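What follows is one structure encoded as structure tokens, with my remarks underneath.
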Amino acid sequence: MSEPIEIAEVDAHAAPNEVLARFHAIEVSCHEELQPGEPVPGAEEVIAFYRYQPTTRTSCHWLADRGSASLYVHGPTAAFLHLLVAPAKRRRGLGSALLARVLERARQLEVRALRGSYATAAAAGFAAHVGAVAEDRVVRSVLDLRAADLPEPRIPDGFQLITWLERVPDDHLTAYVEARAAMDDAPGPEGMEIPSGSGESVRASEESLMRRDREMRLTVAMDDDRRHGRPLPGRCVHRAPRLARLETGLHRRHRDGRGSARTGLRTGREAGVAPATPSRSSRGRGRLNFERRRKHRHAAPQ
């Protein structure tokens with residue numbers, strides 16, 4: 001006789017720390033599968049991540065005994081699943097039960113496509129079992145800033161690099177949003193439409209990072225009279241001396257952004273960021289199409 005599965009929805013804004021700490025314990029149990037070679041985040045960091053999500057998107061969370069699921073909705077075709085089951089609790093129906101709760105809420109929110117990722121052969125098997133449609137593969141790389149060779153940045157004529165801390169200045173917020181939109185032309189999964197950024201979403205992201213005690217260093221390339229912001233890379237979000245995440249992007253008219261990328265890395269190193277030993281891992285990504293569910297059995301991956 002199988003064990004009863006109890007799943008509780010968690011209001012991350014109001015839940016006690018000891019409840020949110022259970023998410024941390026589950027993440028630690030799966031860490032080497034998902035993020036090999038990277039530092040293990042502390043409990044306080046994970047608690048803050050769940051509690052202080054940006055207010056411009058919908059976030060839902062569920063907990064079970066050594067299993068968790070989260071749903072992040074940016075739009076009808078840009079909804080993302082994060083589902084984890086501790087190794088000792090797998091193959092007992094827990095992943096499927098958590099997935100069912102996520103799908104129920106996704107339908108209530110009128111989500112048309114749900115996306116999730118998997119990093120192991122077992123998880124790929126789970127994804128295939130529930131009918132997920134494979135889309136692409138994501139590669140993660142980790143750079144050890146302590147040993148990395150970071151040449152002096154070369155700046156295009158007529159531009160200079162400026163690094164903003166914590167917040168985009170009000171005078172440049174509109175130009176920054178427009179430049180981000182101009183950079184957003186990288187290939188992505190077919191049919192996925194993430195809503196365009198706005199000043200409100202930028203401020204919500206900044207507020208989330210500050211409440212999570214994460215430092216944002218945004219390096220931008222600007223023309224000499226500073227009338228037009230051209231944020232090349234990179235938003236360096238880190239928790240010194242742990243791992244930093246560098247986001248890079250280039251305006252479609254100016255594709256040589258190595259100078260600002262290197263500057264973003266240098267600012268992280270100057271702040272004491274020392275990521276783990278360089279590593280490289282990849283994961284698959286799958287999609288659920290709600291509009292086709294009556295004809296085909298689709299679901300999102302673990």
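The values are calculated or read from the model by the stated rules, or taken from the named source; none is laboratory data. What you see is a predicted model; the values in this text were computed from it and never measured. Neighbour counts are summed over all protein chains in view; Cβ atoms, including those assigned to glycine, are modelled from backbone coordinates with ideal geometry.
Kindly indicate whether L83 is assigned to a strand (DSSP E or B), aliphatic (A, V, I, L, M) and in the same structural domain as N17 (by TED's automatic domain parsing).
yes
Mind checking which residues of the stretch 156-214 are under 18 Å from G75 (Cα atoms) and of a type in the set (S, T, Y)?
S196, S198, S201, S205 - these are the residues of the stretch 156-214 that are under 18 Å from G75 (Cα atoms) and of a type in the set (S, T, Y).
Can you find a residue in the stretch 125-144 that is more than 25 Å from I194 (Cα to Cα), hydroxyl-bearing (S, T, Y) and either surrounded by 15 or more Cβ atoms within 10 Å (Cβ to Cβ) or in contact (Cβ under 8 Å) with a residue 12 or more places away in the chain (or both)?
no
Quick one: E110 ticks every box in (1) of a type in the set (D, E, K, R); (2) more than 16 Å from L83 (Cα to Cα); (3) at pLDDT 90 or above; (4) surrounded by 13 or more Cβ atoms within 10 Å (Cβ to Cβ) except a single one, so which number is it?
For E110, the exception is condition (4).
Considering only residues that are modelled with pLDDT of 95 or more and either of a type in the set (S, T, N, Q) or in contact with a Cys (Cβ under 6 Å, 6 or more places away or on another chain) (or both), look in the stretch 64-95 and name the one that is farthest from E6 (Cα to Cα).
L71
When residues of the stretch 51-70 are filtered for being among the hydroxyl-bearing types (S, T, Y), in contact (Cβ under 8 Å) with a residue 60 or more places away in the chain and surrounded by 18 or more Cβ atoms within 10 Å (Cβ to Cβ), how many remain?
Adding up the residues that qualify gives 1.
Can you tell me which residues in the stretch 1-27 are assigned to a helix (DSSP H, G or I) and under 12 Å from S68 (Cα atoms)?
Those that are assigned to a helix (DSSP H, G or I) and under 12 Å from S68 (Cα atoms): V19, L20, A21, R22, F23, H24, A25, I26, E27.
Can you tell me which of A78, A14, A25 is outside the structural domain of L209 (by TED's automatic domain parsing) and either surrounded by 15 or more Cβ atoms within 10 Å (Cβ to Cβ) or among the β-branched types (V, I, T) (or both)?
A78
Name the single residue, out of those in the stretch 205-240 being among the charged types (D, E, K, R) and more than 20 Å from T174 (Cβ to Cβ), that is modelled with the lowest pLDDT.
Among those residues, the one meeting the criterion is R239.
When A48 is evaluated against the numbered criteria (1) part of a helix (DSSP H, G or I); (2) without any contact (Cβ under 8 Å) to a residue 40 or more places away in the chain; (3) small (G, A, S), which criterion, by number, is the only one it fails?
Among (1) part of a helix (DSSP H, G or I); (2) without any contact (Cβ under 8 Å) to a residue 40 or more places away in the chain; (3) small (G, A, S), the lone unmet condition for A48 is (2).
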